[in-house]
Amino acid sequence: MAKAKKTLAKSSFVDKNIEVALEKLAVASAAVDKAVAVRARDAKKLAVLVKRLTKRKTALSKRKRLAAARLKKSPSVDTRKALRVVTKDLATTIKEQAKAKVAKAANATELAALRAGQKRATGYRKGIAAVDRALTKK
């Protein structure tokens, strides 16, 4: 049984594949740069949101403590209503804060992975450019 002949790669095929790979690297690099910028902006927004909700939670906890003390001191409809409103606001704030913290953590994880990919893409681009300059000098 005869073996089939293996064809050798031609220079045009090799050049075309190298150019396509360089184009794909450029596209991936541009995409990761854009994604890092968007995720970094979102990270700042989420950090501000979590900080604001934490401050609100602290203030509402203090207000709840004071309302409970007032209710204990002089039970009335107004003091009970004030305590109920503060408790409701505090519960809502805690739920919002939990959601914001989860979103912030997920965004931070993705941003870290994107930054690692960005470093790789930048390194590959610089390395290829340096090698290309060295090879074209000769």
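Test Ala9 against the criterion of being assigned to a helix (DSSP H, G or I), of a type in the set (Gly, Ala, Ser) and under 30 Å from Arg125 (Cβ atoms), and give yes or no. So that I can check it myself, show each step before the final result.
On the way: assigned to a helix (DSSP H, G or I): no; of a type in the set (Gly, Ala, Ser): yes; under 30 Å from Arg125 (Cβ atoms): yes.
Against the criterion (assigned to a helix (DSSP H, G or I), of a type in the set (Gly, Ala, Ser) and under 30 Å from Arg125 (Cβ atoms)), Ala9 does not qualify.
Scan Ala35, Ala59, Ala69 and give me the residue that is under 30 Å from Tyr124 (Cβ atoms) and out of contact with any strand residue (DSSP E or B) (no Cβ under 7 Å at 6 or more places or on another chain).
On the way: Ala59 fails: under 30 Å from Tyr124 (Cβ atoms); Ala69 fails: under 30 Å from Tyr124 (Cβ atoms).
Just one listed residue meets the conditions, Ala35.
Just one residue in the set Lys34, Lys119, Lys104, Lys64 is surrounded by 12 or more Cβ atoms within 10 Å (Cβ to Cβ) and within 23 Å of the chain's Cα centre (by Cα); that residue is Lys104. Here is the figure for the range 122-136: residues that are surrounded by 10 or more Cβ atoms within 10 Å (Cβ to Cβ) and of a type in the set (Lys, Arg) total 2. Only one entry in Lys88, Lys99, Lys126, Lys104 is touching a Leu at 6+ places or on another chain (Cβ under 6 Å) and in a helix (DSSP H, G or I), namely Lys104.
If you check Val20, Val27, Val36, which single one turns out to be under 30 Å from Lys99 (Cα atoms), assigned to a helix (DSSP H, G or I) and at pLDDT 95 or above? Show your work before the answer.
Numbers: Val20 fails: under 30 Å from Lys99 (Cα atoms); Val27 fails: under 30 Å from Lys99 (Cα atoms).
Being under 30 Å from Lys99 (Cα atoms), assigned to a helix (DSSP H, G or I) and at pLDDT 95 or above holds for just one of Val20, Val27, Val36, which is Val36.
For the range 43-50, the criterion of a residue being free of Cβ contacts under 8 Å to residues at least 24 places away in the same chain, surrounded by fewer than 12 Cβ atoms within 10 Å (Cβ to Cβ) and within 22 Å of the chain's Cα centre (by Cα) is satisfied by at least one position.
The values are calculated or read from the model by the stated rules, or taken from the named source; none is laboratory data. Since this is a predicted model, take the numbers as computed values, not measurements. As a convention, Cβ positions derive from the backbone with ideal geometry for all residues, glycine included, and neighbour counts pool all protein chains shown.
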